[in-house]
1. Do you know which residues across segment 2-54 are surrounded by 19 or more Cβ atoms within 10 Å (Cβ to Cβ), in a strand (DSSP E or B) and of a type in the set (D, E, K, R)?
2. Restricting attention to segment 144-155, which residues are surrounded by 12 or more Cβ atoms within 10 Å (Cβ to Cβ) and in a helix (DSSP H, G or I)?
3. Just one of 128, 116 is within 20 Å of the chain's Cα centre (by Cα), at negative phi, not aliphatic (A, V, I, L, M) and not in a loop (DSSP other than H, G, I, E, B); which is it?
4. Testing residue 90 on (1) touching a strand residue (DSSP E or B) at 6+ places or on another chain (Cβ under 8 Å); (2) modelled with pLDDT under 95, one condition comes back false. Which one is that?
5. Quickly run through segment 45-58 and pick out the residues that are modelled with pLDDT of 95 or more and more than 13 Å from residue 92 (Cα to Cα).
6. Please go through segment 80-104 and pick out each residue that is buried (at least 22 other Cβ atoms within 10 Å of the Cβ) and polar (S, T, N, Q).
7. Going through 91, 73 one at a time, which residue ends up being farther than 30 Å from residue 156 by Cα, touching a helix residue (DSSP H, G or I) at 6+ places or on another chain (Cβ under 6 Å) and assigned to a strand (DSSP E or B)?
8. Starting from residues that are in contact (Cβ under 8 Å) with a residue 40 or more places away in the chain and open to solvent by less than 50 Å² (accessible area, probe 1.4 Å), keep the ones in segment 58-79 and report whichever is nearest to residue 8 (Cα to Cα).
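The values are calculated or read from the model by the stated rules, or taken from the named source; none is laboratory data. Remember, it's a predicted structure, so these values are computed and weren't measured experimentally. No Cβ is skipped: glycine too gets one built from the backbone with ideal geometry, and neighbour counts run over all protein chains shown. Calculation scope for accessible area: heavy atoms of the full protein, side chains included, ligands and nucleic acids excluded. Shrake-Rupley method; radii C 1.70, N 1.55, O 1.52, S 1.80 Å.
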Amino acid sequence: NYDVIMAGMSITDERMEKIDFSADYFPPEPSRYAALTTSDIDTAAMSGLKIGVQGATVQAGWLEANMAGSNTILSYETADQSVADLAAGNIDVLLADGNFLQPIVEGSAGAMALIGDGISIGGGVAMGTRKGESELQDKMAAALEALKADGTVDALIAEYFESGPYYGN
């Protein structure tokens, strides 16, 4: 039904089995855990916890593969729902993109904190196409390369995510 998927989709090995990806237009960003500051959670020995995550994300897949046996994973339809349950104390910890969590933690008036180190999950964010669409892939590659070279991609990242430059401009 679509020629290109461009919706903040991270490059993963599992997804590459089904579709092709462009080069990334947003570099890999570490995922982070957030918890209430009243909790005392050791991210190196997480067990017996209720961990929240937005469903159908790279974080959800990573948690199921790495943490499900010793923890309860609660999947939410939206990231905002998971944050609300963390704030209400219904989950012990939340795993999400670090860029998403940072302003939430900063705006929590000290109620939440990022805990542990960042976790690298997947590659950067890229455009996806059906397998074998080489002509479309070539066009996207040329356009993206030009937008990175002239600073457009870095300018957009800086405008909307307050970080960068990533691609040298």
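1. Matches in segment 2-54: 24, 32.
2. 144, 145, 147, 148, 149, 152, 153, 154, 155, listed by residue number.
3. On the way: 116 fails: at negative phi.
Only one candidate passes the filter, namely 128.
4. It fails just one condition, (2).
5. Passing the criteria: 54, 55.
6. Residue satisfying the conditions is 82 alone.
7. Working: 91 fails: assigned to a strand (DSSP E or B).
Exactly one residue qualifies, and that residue is 73.
8. Checked segment 58-79; the qualifying residue nearest to residue 8 (Cα to Cα) is 58.
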